[in-house]
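For reference, the structure is listed below as structure tokens.
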Amino acid sequence: MTTPCLALSLDIEVLDGLMRALHADDPRRSQLLRTLEQAFNAVDVRDVSGTAAGARAILAPVLATPARPSALSVVGVGHAHIDTAWLWPLRETVRKCARTFASATRLMDDYPEYHFACSQAVQYDWMERQYPALFERITERVASGQFVPVGGMWVEADMNLPSGESLVRQLVHGQRYFQSRFGVRCTEVWIPDVFGYPASLPQIFAAGGCDRFVTQKLSWNKQNRFPHNTFWWEGLDGSRVLTHFPPVDTYNAEVTGGEMVFSERNFSDHGWSRNALMPFGYGNGGGGPTREDAGAGPSHGRPRRRTHPGHRHHRRLLHRR
Ligand SMILES: [Zn+2]
């Protein structure tokens, strides 16, 4: 449960992060600073839990202030990018998955609007074999639409070394698993942390039933900045996949005000799209979103934030508003 103190600290964190990210000459910055001061003054340090609600009431109007109509709409989706094989034994990856997915399903009890996107069929397969009670909870949440299978592949495969045949099999085995266990097929390839993007990929993705593609890795290039965040990627045979690089430039976001402002400033395609994705939660080692991430609310004129499953987000990419 969210206590009054935790709720107040989340409100402050969101507004303080937004205030600090705004330029000094932005009137919203001064408005936020004054309102935060008033809220701090309303807290009695000898009785924080008894006075937190009053302070929150002072912050409520600025939290409720809508974004300007032209603001970027940021779709937040909980995520934990878990490297299936990296710096630890495989048996530890299985345990990381169990901890991460248990906490994701638990947060869904408290936040009905919360969605968690989970890729890599092999990680579901591990839960099915080794944590059947947890797998049952995951299956229920997949059915309710909150736990969202994404990616379509067996693992988030490296794209440099494997042959085309190998990548095709990733999709065949992955999609077959998602179809047989959950009755769904993924429509996007989700490889946020993978190196290598050969020109054959759009054709392979399309043949695997995926017409959308998400990655993050190119934003880490030290020499070149890729010119787009949202674009059609056309492969050798003319197949096209709708591609999105989340402008927050990480797959481990924490949903701070600063990240929201950065997403909007960093987004390259305002001319034709008003939507971007923010995958949030601890990745690499796993863990996923915290209660603080899931509870961070909308606020004063910052880019709009919604939580959505990734596939609905992609449909929205094509809309100007
Ligand atoms: Zn990784």
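Select from the range 24-59 the residues that are surrounded by 13 or more Cβ atoms within 10 Å (Cβ to Cβ), free of Cβ contacts under 8 Å to residues at least 12 places away in the same chain and under 28 Å from M278 (Cα atoms) and list them in ascending order.
D26, R29, S30
Determine which member of the set G271, G209 is part of a loop (DSSP other than H, G, I, E, B), at positive phi and either out of contact with any strand residue (DSSP E or B) (no Cβ under 6 Å at 6 or more places or on another chain) or of a type outside the set (D, E) (or both).
One residue alone meets the criteria, G209.
Being more than 14 Å from the ligand (Cβ to nearest atom) and among the β-branched types (V, I, T) is the filter here, so list the residues in the range 191-212 that pass it.
Answer for the range 191-212, where residues must be more than 14 Å from the ligand (Cβ to nearest atom) and among the β-branched types (V, I, T): just I204.
Could you list all residues from the range 107-121 that are surrounded by fewer than 21 Cβ atoms within 10 Å (Cβ to Cβ) and at pLDDT 95 or above?
Within the range 107-121, no residue meets the criteria.
Restricting to the range 148-172, and then to whatever is farther than 22 Å from G288 by Cα and either of a type in the set (V, I, T) or surrounded by 17 or more Cβ atoms within 10 Å (Cβ to Cβ) (or both), can you tell me which residue is nearest to the ligand (Cβ to nearest atom)?
M159
Within the range 14-41, how many residues are out of contact with any Gly (no Cβ under 8 Å at 6 or more places or on another chain) and of a type outside the set (S, T, Y)?
The qualifying residues number 17.
Which of the residues that make up the range 95-111 are touching a residue at least 24 places away in the same chain (Cβ under 8 Å) and away from the ligand (no atom under 16 Å from the Cβ)?
Across the range 95-111, the qualifying residues are A98, R99, F101, A102, S103, A104, T105, L107, M108, D110, Y111.
Is there any pair with a first residue in the range 73-88 that is within 13 Å of C118 (Cα to Cα) and a second that is among the aromatic types (F, W, Y) and near the ligand (Cβ under 9 Å from one of its atoms) whose Cβ atoms are under 6 Å apart and which are 6 or more apart or on different chains, and what are they?
The qualifying pairs are H81/Y251.
Of everything in the range 215-246, what is of a type in the set (K, R) and in a helix (DSSP H, G or I)? Give them in sequence order.
K217
Go over the candidates D249, D293 one by one and state the one that is modelled with pLDDT under 75 and either part of a helix (DSSP H, G or I) or within 15 Å of the chain's Cα centre (by Cα) (or both).
Exactly one residue qualifies, and that residue is D293.
The values are calculated or read from the model by the stated rules, or taken from the named source; none is laboratory data. On a predicted model such as this, the values are computed, not experimentally measured, just so you know. For neighbour counting, all protein chains shown are included, and Cβ atoms are generated from backbone atoms with ideal geometry for every residue, glycine included.
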